[in-house]
Each structure stands twice: as structure tokens, then as C-alpha cells.
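The values are calculated or read from the model by the stated rules, or taken from the named source; none is laboratory data. Only a predicted model underlies this, so the values are computations on that prediction, with no experimental measurement involved. For neighbour counting, all protein chains shown are included, and Cβ atoms are generated from backbone atoms with ideal geometry for every residue, glycine included.
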């Protein structure tokens, strides 16, 4: 059995990455009776407190600062970051375990985390999700109706900074028409299982000369 493939998916805030991945994984659940590759979204560790409705082990692994720092000292994280007063990290052991059982693992992380992961997984497949235009991104950030103009401008600046790293990725998915965006993610992930290296066992022996 082939091991699974590690996918890294990044995007600026407002590009719709989380919604695309949720729809993609739900679509796979509907196809469970078909011979398709199992996909899972990696669950990160964090020191922040759970929000209403969040379940430990499903949305995040909620740990104390001391536990997190111990794991970091043991180099247990593929990537980690501090966001304001909280820490976030992806445990390497759980990712490798799922890959070894043949599951594809999706990491939903930013470009800095992607750089860290590629140091240990040089064959990870990277995908960057972008909005169709800067104007569309601004409209999406503004449509939430909860933020001041100052906060929106700051998020726009952060998003543009994030998008400047698009050329570090293998694939670009433009999230304009939502279903097309999901289809494009599906195409990239399915295509990785059709490469020569992964299909060697399926080639008839008579053709291997």
C-alpha cells in the first residue's frame, strides 16, 4: 500500500480556504463507498482556550503552555507559531502515523508554517488559494460587517503580504466560483496519485521492459 500524501494548503484571510476544504472533505464523505483515497485534515495543538462548541481532539488539541513548550523542546512539531498570546503547532508524529496508514493529510497553515514543514517533508504538495482579485478580497473582508475600516485595512495589508509568497507553492487555486474551486482542489489531489512513481505497482509486468 502506498503511503498517503501530505498536502499543504495556504491562503490569505478572506480567500475562502477553510470553506473550500470543508466542502472538499464533505464531498469525500459522500463518496465513501467508492474506492477513493481517505483524506484527513490535520488537527493542531494550541494553548488557547476552547471556544463554544469546539471539541478537544476534533477542532484542536487543547494543551497548557507548559505542555506545548515541552513538546516544542522535544522537536515534536513540524511547524509552530505564536499568535498574540497563544501558541499553535502541528505534531509530526500524528501526521506521519496517518500518512503511513495510507491517508492523505491536509495541513491548513500559512506560508511560514509551510516553509517549516518542507524542511522535513520535501515531497509535500503545496497549494495556495487566492481570491479572483484584490477588490473581491476587500469586499469579502468588508462583508462580515463586524470590523472597523482600520481593522479591514490592516487585514488587507496582511493578506497582500501573505499573497506575495504565492510563488513558493506548487499549485494555485483561484477561488472565484466556489464549486470550481473545490473541483480544482480535488483535481490537484487526485492527480498526485496518478504520477508514475505512485502507479508503478499498477502497471502490467509485460509493459515493464
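So for region 72-79 (the condition being surrounded by fewer than 19 Cβ atoms within 10 Å (Cβ to Cβ), modelled with pLDDT under 95 and either touching a strand residue (DSSP E or B) at 6+ places or on another chain (Cβ under 6 Å) or more than 26 Å from residue 43 (Cα to Cα) (or both)), does at least one residue qualify? Before the answer, list the steps.
If we filter region 72-79 for residues that are surrounded by fewer than 19 Cβ atoms within 10 Å (Cβ to Cβ), which is where we start, we get 72-76.
Within this subset, residues satisfying the condition of being modelled with pLDDT under 95 are none.
Within region 72-79, not a single residue is surrounded by fewer than 19 Cβ atoms within 10 Å (Cβ to Cβ), modelled with pLDDT under 95 and either touching a strand residue (DSSP E or B) at 6+ places or on another chain (Cβ under 6 Å) or more than 26 Å from residue 43 (Cα to Cα) (or both).
None of 94, 13, 3 is outside any loop (DSSP other than H, G, I, E, B) and more than 12 Å from the chain's Cα centre (by Cα) except 94.
In this structure, is residue 53 free of Cβ contacts under 8 Å to residues at least 12 places away in the same chain, surrounded by fewer than 18 Cβ atoms within 10 Å (Cβ to Cβ), assigned to a loop (DSSP other than H, G, I, E, B) and on the phi > 0 side of the Ramachandran plot? Even if it seems obvious, please write down each step before you answer.
Working: free of Cβ contacts under 8 Å to residues at least 12 places away in the same chain: yes; surrounded by fewer than 18 Cβ atoms within 10 Å (Cβ to Cβ): yes; assigned to a loop (DSSP other than H, G, I, E, B): yes; on the phi > 0 side of the Ramachandran plot: yes.
Judged against the criteria, residue 53 is a match.
Only one residue in 159, 91, 136 is buried (at least 18 other Cβ atoms within 10 Å of the Cβ) and free of Cβ contacts under 8 Å to residues at least 60 places away in the same chain, so which one is that? Break it down stepwise before answering.
Values: 159 fails: free of Cβ contacts under 8 Å to residues at least 60 places away in the same chain; 136 fails: buried (at least 18 other Cβ atoms within 10 Å of the Cβ).
Every option except 91 fails the conditions.
For region 15-38, taking the residues that are modelled with pLDDT under 90 and in contact with a helix residue (DSSP H, G or I) (Cβ under 9 Å, 6 or more places away or on another chain), the one that is surrounded by the most Cβ atoms within 10 Å (Cβ to Cβ) is identified as 28. Listed by position, the helices (runs of 4 or more DSSP H) inside region 101-209 whose residues that are farther than 22 Å from residue 5 by Cα and at pLDDT below 95 number at least 2 are 134-142, 149-163. Residues that are closer than 16 Å to residue 174 by Cα and in contact (Cβ under 8 Å) with a residue 40 or more places away in the chain were ranked within region 113-133; the one that is surrounded by the fewest Cβ atoms within 10 Å (Cβ to Cβ) is 132. Out of contact with any strand residue (DSSP E or B) (no Cβ under 7 Å at 6 or more places or on another chain), in contact (Cβ under 8 Å) with a residue 12 or more places away in the chain and under 24 Å from residue 111 (Cα atoms), is that true of residue 176? Against the criterion (out of contact with any strand residue (DSSP E or B) (no Cβ under 7 Å at 6 or more places or on another chain), in contact (Cβ under 8 Å) with a residue 12 or more places away in the chain and under 24 Å from residue 111 (Cα atoms)), residue 176 qualifies.
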